[in-house]
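Trainee: Input: one structure, supplied below.
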Amino acid sequence: MAAELSQAYTEAMDENLPAGSISMLTWAFAALVALQAMLRLVLLGRQVRHVQGHRTQVPAAFAQRVSLADHQRAADYSSAKAQLEGWVVLVEAAVLLGWTLLGGLDALNHSLRSWIHDPLPSPATALLYQLSLVLAITLIGAVADLPLDLLRHFGVEQRFGFNRMSLKDYALDAFKGTALSLVVMTPLLAAVLWLMGQAGVHWWLWAFALLAGFQLLMMVVVPLWIAPLFNRFTPLQDPALEARVRALMQRCGFAARDLMVMDGSRRSAHANAYFTGVGRAKRVVFFDTLLKALTPREVEAVLAHELGHFRHRHVSQRLVLMLALSLLGLWLLGAASQWSGFYLGLGVQPNLLAPNDGLALALFSLALPSVLFLLTPLAAWWSRQQEFEADAFAASQADPSALASALVKLYTDNAATLTPDPWVVRFQYSHPPALQRLQALGQLQPSPTPAAP
């Protein structure tokens, strides 16, 4: 009965829609999904061809620093990742169209509405139905991603010597991550859905305040209580390195409560360093793999780069931008949720006897990444500029040659290609290629002089 009433409701609503607007939205969305998939596949193809085309010779600027074997390993690793990513692109596009235009979300919504909401339409039941809908989509999506994620870890990463996890470790991480997400996110999601239904036309302002507060809270909670659930953090035990790092932080005006070493080698051979948290929860974290790969001078230079992000307020800028985009997104969600063409154009029948807030949130979350994809080149460009600024700061606070040698080691140890396709870099690289970074630092090695005949 509810289905028939919903159909009659949407047909009545359609009378107020401009002619063809639903069809236009459907075709525009399908074209956007196809364009995104096609462009990603073209870029992946360019990357493979460019990397393999330069596989046989180390670039002249790195000839004295990188062996041919390491260069070829990086080329093969980059190509393998790109080939797997091609399958990811196709699967993601198929799943997205399956949820939307092919009726997957509509069928799931109808089933959950009939099972949970229709027999007992009370406010508590309505909230339970909406929570179940959003959580079901999230869990189904995670299951759909699982095969390719396993291939990534136990196929590509394993083949090139980066994966250190066993299947047991992987399953335990997945269980802890899922359980933690349910415990933390379910109350937050319930609060947002309650605000959508009860806080009036300006609910999105209240929801934004809630989400902004939650984000700031997580910046304190994650480093102190959540991250230790997945990795072991121990104080830095090298007194000489600690003194060097403390002196650097004092020069940069950065105060951190802890200098910690994370057992990143338990899962991966990749190396990194970062700082996290705010206020008294601020800490500097080194991967144990980083400390094994670099000299103390190089570790200092890498940390100086990370502190460059702090000094130039890159973290604050990104946080402000993220909050601004969240506010805009919530406002757009509020507008879209009141327009029946939004649901119908994306393959879903809106509810009549049940609230549409959860349905709108789910549909909006599915469609939004395809729109944001258009901003990828701008976001990547901005990120690369910030990396250049952080490198320049590091060069002013530490030894530029140490930073250059650290970068080459990290590119080599992480099998990052030295010869990416220029268009791929422009479109989606968040970090500049090694050649550009060393050029900006003025640390390029001169090309070897040919031997006299």
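Trainee: Please find, within the stretch 150-185, the residue that is farthest from residue 411 (Cα to Cα) out of those that are assigned to a helix (DSSP H, G or I) and among the basic types (Lys, Arg).
Mentor: Taking the candidates together, the pick is 176.
Trainee: Kindly indicate the residue of the stretch 36-55 that is crowded, with 17+ Cβ neighbours inside 10 Å and either of a type in the set (Lys, Arg) or touching a His at 6+ places or on another chain (Cβ under 6 Å) (or both) and also nearest to residue 370 (Cα to Cα) among those meeting that condition.
Mentor: Taking the candidates together, the pick is 40.
Trainee: Going residue by residue through the stretch 284-292, is there one that turns out to be buried (at least 19 other Cβ atoms within 10 Å of the Cβ), modelled with pLDDT under 90, closer than 20 Å to residue 397 by Cα and hydrophobic (A, V, I, L, M, F, W, C)?
Mentor: Scanning the stretch 284-292 turns up at least one residue that is buried (at least 19 other Cβ atoms within 10 Å of the Cβ), modelled with pLDDT under 90, closer than 20 Å to residue 397 by Cα and hydrophobic (A, V, I, L, M, F, W, C).
Trainee: Filter the stretch 62-107 for residues that are of a type outside the set (Val, Ile, Thr), surrounded by 17 or more Cβ atoms within 10 Å (Cβ to Cβ) and in a loop (DSSP other than H, G, I, E, B) and give the result.
Mentor: Hits for the stretch 62-107 are 65, 101.
Trainee: Being within 24 Å of residue 265 (Cα to Cα) and among the small types (Gly, Ala, Ser) is the filter here; which residues of the stretch 215-247 pass it?
Mentor: 227, 240
Trainee: So which residues in the stretch 198-209 are over 12 Å from residue 334 (Cβ atoms) and either of a type outside the set (S, T, N, Q) or modelled with pLDDT of 95 or more (or both), if there are any at all?
Mentor: 209 - this is the single residue of the stretch 198-209 that is over 12 Å from residue 334 (Cβ atoms) and either of a type outside the set (S, T, N, Q) or modelled with pLDDT of 95 or more (or both).
Trainee: To continue, here is another question. Among the numbered criteria (1) out of contact with any Ser or Thr (no Cβ under 6 Å at 6 or more places or on another chain); (2) surrounded by 13 or more Cβ atoms within 10 Å (Cβ to Cβ), which single criterion is violated by residue 162?
Mentor: (1)
The values are calculated or read from the model by the stated rules, or taken from the named source; none is laboratory data. Just so you know, these numbers come straight off a predicted model, no measurement behind them. Backbone-built Cβ (ideal geometry, glycine too); neighbour counts: all protein chains shown.
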